[in-house]
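Everything below concerns the one structure shown next.
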Amino acid sequence: MRASRPVSEVKQRTAGRQGRPRRLSHEAVLDAALELLGDMPLQEFTLAKLAQKLGASTMSLYTYYASRDELLDAVAERAFQLFRAPEPKGRWQKRVLDWLWALQRHVDRYPITIQLMARNGHLPMAWLGVWAPILKLMHEHGLEGKRLAETFDWFINAAVGLIITQRSATEISKSFAIGDLGAFPLEDGMLVLRLLHDLKSVDRETRFTLGFRRIVEGLETCIAEATGNGD
C-alpha cells in the first residue's frame, strides 16, 4: 500500500500546476499599452485588449490604474519620458535642429504621442520636460515675457504641425488623383501638372530637412528682432 503524501506537499504541487497570476510592473503595463497603441486608434484602445496582450485579467489592471483615463494619463507620461534629448553641441541653431530631428524620430517610434500631447486639455509633465530645453534656450538668447510666449507658441506649433502633416503627406502625394484641369488656363494647368509630377519625387527626409531648416531660420529672425543679434 502506497504511503500518502503530506497534505502540504499536495497543495504545493497543485498550486504549481495551476500557476500563480503573473505579477506585472507599472512599466510593463505602460510599455505594453504603448505597443498596443502603435497598432490601433486611441478610441479603440480598451483595458480588456491590453489585458489580453499582457496575458492577464482585465480586473488585475485595475489594481494598477483605476480607470482607462488614468491609465492613458500614465501612458502619456511614459511616452514622453522615453524621449531621448540629443546632447547639446555646437551653436544654438544646431542644438535646435538636433532637437527637432529627435522629436520627429520619437513620434515615428511612438505615433500615439501626437494624440497624447494634450489629451482632454491635460499636458503631461514629461511633455513639458521634452520642450523645456528649447524654452530655456530662447530665454537665454534674449526672449522674455510676451515675446517669449509668442515665439515659443509659434515654434512648437510649427514643429508639431510639420511632423503631423508629413507623417502622411508622402503617401498622399504618391496616390492622389486630380479632377479635370480644363477650367484652368493652359499655362496654369501645365504648371499644376508639373508640380504634381515633381511632388512624387520629394521624400520625407527632404520634407523634414527643408521644414526644420525654415523653422530654425524663423527662430533666428525672432531672436534677431528681439535682441539685434541672431548669433
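Readers should treat all values here as calculations from the given coordinates under stated rules, not as data from a laboratory. Everything numeric in this text was worked out from a predicted model, so none of it was measured. We place every Cβ from the backbone using ideal geometry, glycine too, and count neighbours over all the protein chains shown.
Ranked by Cβ crowding within 10 angstrom, fewest neighbours first, how are Asp31, Asp153 ordered?
Placing the least packed residue first, the sequence is Asp153, Asp31.
Quick one: if you stick a label point 7 Å off each Cα along the C-beta vector at Gln52 and Ser25, how many nm between them?
Label at Gln52, label at Ser25, 2.7 nm between them.
Stretched out fully, how many nm does the piece from Ala126 to Arg109 gain, at 0.36 nm a residue minus the Cα gap?
Stretched fully, the Ala126-Arg109 segment lengthens by 4.5 nm.
Sticking with the crude label model, points 7 Å out along Cα→Cβ, report the distance from Ala118 to Arg213 in nm, one decimal please.
Once both label points are built, they end up 3.0 nm from each other.
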